[in-house]
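> First, the structure itself, so that you have it in front of you.
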């Protein structure tokens, strides 16, 4: 039986699947399985929902966040400066 859902319901289900399946491949498999239960019109909506989602960066979120805030760069530069001070005559 094919399920008819509106955009809000599909968005909510995609968010649930993302939370349940943190790995990329597992999430994609879950989305494929979900799409097979949908009515063709709902599948089109699912495609649009997926295209409209913010791109995921995987495990680089922490690094990106630190770079954007400048913390990583400041700590790295401080370590370099400290190292240079130790080696000065």
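> Would you be able to say whether some residue in the range 52-64 is at pLDDT below 75, outside any helix (DSSP H, G or I) and loosely packed, with under 10 Cβ neighbours inside 10 Å?
Filtering the range 52-64 for residues at pLDDT below 75 gives 55-64.
Then keep just the ones that are outside any helix (DSSP H, G or I); that gives 55-57.
Add one more test, that the residue is loosely packed, with under 10 Cβ neighbours inside 10 Å, and what stays is 55.
Within the range 52-64 (the criterion being at pLDDT below 75, outside any helix (DSSP H, G or I) and loosely packed, with under 10 Cβ neighbours inside 10 Å), the answer is yes, since at least one residue qualifies.
> Is there any pair linking a residue in the range 30-55 that is in contact (Cβ under 8 Å) with a residue 12 or more places away in the chain to one that is assigned to a loop (DSSP other than H, G, I, E, B), with Cβ under 6 Å and at least six apart or on different chains, and which?
Listed by first residue and then by second, the contacts come to 30/21; 39/2; 39/4; 42/4; 42/5.
The values are calculated or read from the model by the stated rules, or taken from the named source; none is laboratory data. Only a predicted model underlies this, so the values are computations on that prediction, with no experimental measurement involved. No Cβ is skipped: glycine too gets one built from the backbone with ideal geometry, and neighbour counts run over all protein chains shown.
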